[in-house]
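Participant: Take a look at this one; I'll ask things after.
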């Protein structure tokens, strides 16, 4: 789908749990946030296996229920090929998956580090 910038922004509202996943070869890490950027729960560590993906799904759905979120958006940085298996799993579960530009991730990290 082709979205305008405003349409993309409107997808994340007060009913949305945003999950950022750092993709690696064997073990992935995820953090959960609300629409304002407030982090919920601890870092979620999961393996790139069916069992790991099922554990990840269970944990993010529990967090969403606890804080009253109806939608879940999972953001991943498309570096390498290790994201394919997670993307396939997420799509089969009909959760929303979005691509995050590596350049934007780098810039956001630079903003966080400067004080």
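Participant: Residue pairs, Cβ under 8 Å, 6 or more apart or interchain, first in segment 86-111 and farther than 23 Å from residue 53 by Cα, second surrounded by fewer than 14 Cβ atoms within 10 Å (Cβ to Cβ) and at pLDDT 60 or above. List them.
Facilitator: Listed pairs, sorted by first residue: none to list.
Participant: Residues of segment 67-81 being modelled with pLDDT under 90, surrounded by 12 or more Cβ atoms within 10 Å (Cβ to Cβ) and not in a strand (DSSP E or B), which ones?
Facilitator: Answer for segment 67-81, where residues must be modelled with pLDDT under 90, surrounded by 12 or more Cβ atoms within 10 Å (Cβ to Cβ) and not in a strand (DSSP E or B): 78, 79.
Participant: Kindly list the number of the only condition in (1) at pLDDT 90 or above; (2) surrounded by fewer than 17 Cβ atoms within 10 Å (Cβ to Cβ); (3) under 17 Å from residue 72 (Cβ atoms) that fails for residue 13.
Facilitator: (1)
Participant: If you don't mind, there's one more thing I want to ask. Please state which of the following conditions residue 39 fails to meet, knowing it meets all the rest: (1) loosely packed, with under 13 Cβ neighbours inside 10 Å; (2) modelled with pLDDT of 95 or more; (3) in contact with a strand residue (DSSP E or B) (Cβ under 7 Å, 6 or more places away or on another chain).
Facilitator: (2)
Participant: Which of the numbered conditions does residue 54 fail, given that it passes all the others? Conditions: (1) farther than 21 Å from residue 99 by Cβ; (2) in a strand (DSSP E or B).
Facilitator: (2)
Participant: Return yes when residue 64 is over 22 Å from residue 85 (Cα atoms) and either in contact (Cβ under 8 Å) with a residue 24 or more places away in the chain or crowded, with 18+ Cβ neighbours inside 10 Å (or both) and no when it is not.
Facilitator: Values: over 22 Å from residue 85 (Cα atoms): yes; either in contact (Cβ under 8 Å) with a residue 24 or more places away in the chain or crowded, with 18+ Cβ neighbours inside 10 Å (or both): yes.
Yes; evaluated as a whole, the condition is true for this residue.
Participant: Further question: Residue under question is residue 57, and the condition is that it be in contact with a helix residue (DSSP H, G or I) (Cβ under 6 Å, 6 or more places away or on another chain) and in contact (Cβ under 8 Å) with a residue 24 or more places away in the chain; does it hold?
Facilitator: Values: in contact with a helix residue (DSSP H, G or I) (Cβ under 6 Å, 6 or more places away or on another chain): no; in contact (Cβ under 8 Å) with a residue 24 or more places away in the chain: yes.
Criteria not met by residue 57.
The values are calculated or read from the model by the stated rules, or taken from the named source; none is laboratory data. Just so it is clear, the structure is predicted and the values come from calculations on it, not from any experiment. Positions of Cβ are generated from backbone atoms using ideal geometry, with glycine treated the same way; all protein chains shown enter the neighbour counts.
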